[in-house]
Amino acid sequence: MRTLAIACCLAIVARGALAQQPADTTQRVDSLSYDDAAEVAFLYDQPAAMRSSEPLVIPVGQVVDGDVAVLEAPLTVAGHVTGRVVVINGDVTIRPGGRIDGELLVTGGRVLGADSATVGGRVRVWKPSLLYHLENDRVVAEQDESKSMANWFRRWSRRHQRSQSRLILKGGTYNRVEGLPVLGGAGLRRNFSTGRSRVEALGIWRSADGFEWKGENLGYTVSGEVQFGFGRAIALGAEAFDVVQPVESWQLRDSEIGLASFFLHRDYRDYYNRHGARGYVSLRDGTTMSLTLSYARERWQARAARDPFTLFRNSAPWRPNPLLDEGRFNLLGVDLTLDTRNDPNNPWTGWLIAAQLEHGWSPEVIEGPTGPLARPAASGPVRVHYTRGFLDARRYNRVSPTGQLNFRLVLGGWLGGDPLPLERRFALGGAGTLPGYDFRQFTGGEDVLTCGGGVVIDGIPGQCDRMALLQAEYRGDIRVRLLERRGDFSFHHPLQWVVFTDAGRGWIAHGGPAGESLGDTAFPSLDTFKSDIGLGLDADVLGLFLAKSLTDGGNPVNFFIRLRHRF
């Protein structure tokens, strides 16, 4: 009996001691996913009462009214922090009497002294260091490519590229003019102490008409380049070609065009033949920036739509390929590309800017048919001398740990000289620009999408010599976890919901009848722009979307599919 009483007393004392023992609420993770890394970076970038990149001590008696953010340095808390604490790649020590009211997040470091009595919110500690770069004093998380076997192999191959020769066999983009273009030939690459060189020669055999051996089914491309330097470099190159070239390739990706053509019997591009040569000099700063000056002499020729096989609707007729301009052109071009995105495939932040300036001239051009607004009708060959510009600017912004707000501005058109050739004109409408409108949809009246002036021309070519398009979207994460084990490993597929809007139009600035064109410097009134709104689900490699016109209520809701993201 006496023994039982002693045992009960000891149990009560032990229970009380355990009740007074502060619980360890720290969540320690041995891996750092990109989603978690991006969340830590986002929280670090928020306004903070105290921010440091050197060892920081909050002494006894000091009260920090707000958040504390520390980068690449240790933090010691002996005072009181009323907000959140974020430490990137550093240790945290909480002294007796120290206190944090909010949550504590630490990457690449340890936490000592944290318990429910000293930290009011969650304590999350990731063992790996955060990979990041600074963008205007903001921390931007980077993808850890080493965790992907494919990315690891790409990194390995980039670092260990050696001089080699190789045979090449590959397919191009399936379309209604070529069918499947098959490219075959050889390539040679040589490295030297201050740079590298390459030469590539490919023949083209097109599947239209069952790979029949005839001139319109054959082509070629031969190119060579010498680059001096590796990260920052200058390159000199030249190429000769006889290829089928798309008009307005900026709207949809090659893969989207190929799949839509092969499966659905729908080709959302127009084409012409380019035969000639081009030389260029390019300044490069890794993959971030390139500036290229080029000169080319080319012959442009019209191409007709053929009847390549498609999986569905194979008996339906193809949309005719418009009869475009023909002639020999001299082309002087300047191209600038700037890419500061954190990830080219799944960007969360950064800029992507592509700008082009082209000056072209030809002593004799046979013009294709156009509407009366596009340019004066010509009774024979005409002399052409024009200047054209194009800008595609995209900005990606993380606005929360799981959300982003992205913008895209596209401007293009005539800058001076004679009216633009049809190969350099624009049209809007369809999944890549204004998905609330059908591809090459006639909108009546002024027809601001194709600028055809109400005249129906075979193939419905784009005839606008200027164009403006603005796209905006908000993306939010839907995290679908398929496997989790012990809390330290998870596999999940990225899924995002998307809300978007677009607005744009084309117009005639030069070359139409008096009073019908806007003029050299005028910009159309914003109330004449077409706009739409939509939503969808984006599963990274495939997106499903719905779009509805805001400016034409009679348009139905359009459903469309995109490969990867909208932009």
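Counting just the residues of segment 201-218 that are open to solvent by 70 Å² or more (accessible area, probe 1.4 Å) and in a helix (DSSP H, G or I), which one comes out farthest from residue 166 (Cα to Cα)?
Applying the filter and picking the extreme gives 209.
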Worksheet item: Within segment 27-81, which residues are at pLDDT below 90, open to solvent by 60 Å² or more (accessible area, probe 1.4 Å) and in contact with a strand residue (DSSP E or B) (Cβ under 7 Å, 6 or more places away or on another chain)?
Response: 27, 28
Worksheet, complete the sentence: Filtering segment 369-408 down to residues that are farther than 30 Å from residue 510 by Cβ and aromatic (Phe, Trp, Tyr) yields 396
Worksheet entry | Hits in segment 448-467 (condition: buried (at least 22 other Cβ atoms within 10 Å of the Cβ) and either within 26 Å of the chain's Cα centre (by Cα) or free of Cβ contacts under 8 Å to residues at least 60 places away in the same chain (or both)) | 449, 450, 462, 464, 465, 466, 467
Practice prompt. Assess whether residue 273 counts as being touching a residue at least 40 places away in the same chain (Cβ under 8 Å) and over 26 Å from the mean Cα position of the chain (by Cα).
Written response: no
Fill in: Conditions (1) loosely packed, with under 15 Cβ neighbours inside 10 Å; (2) at pLDDT 95 or above; number of the one not met by residue 520
(2)
Worksheet item: How many residues are open to solvent by 30 Å² or more (accessible area, probe 1.4 Å), closer than 22 Å to residue 268 by Cβ and either of a type in the set (Gly, Ala, Ser) or without any contact (Cβ under 8 Å) to a residue 24 or more places away in the chain (or both) when one looks only at segment 523-560?
Response: 8
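Answer with yes or no whether residue 550 is at pLDDT 95 or above and within 28 Å of residue 339 (Cβ to Cβ).
Considered against the rule, which asks whether it is at pLDDT 95 or above and within 28 Å of residue 339 (Cβ to Cβ), residue 550 comes out as no.
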Worksheet, complete the sentence: Among (1) of a type in the set (A, V, I, L, M, F, W, C); (2) open to solvent by less than 10 Å² (accessible area, probe 1.4 Å); (3) not in a loop (DSSP other than H, G, I, E, B), residue 434 falls short only on (3)
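The values are calculated or read from the model by the stated rules, or taken from the named source; none is laboratory data. Nothing here was measured: the structure is a model prediction, and the numbers come from that model. Glycine also receives a Cβ, built like all others from the backbone with ideal geometry; neighbour counts cover every protein chain displayed. The accessibility values were calculated without ligands, DNA or RNA, using every heavy atom of the protein model including side chains. Shrake-Rupley method; radii C 1.70, N 1.55, O 1.52, S 1.80 Å.
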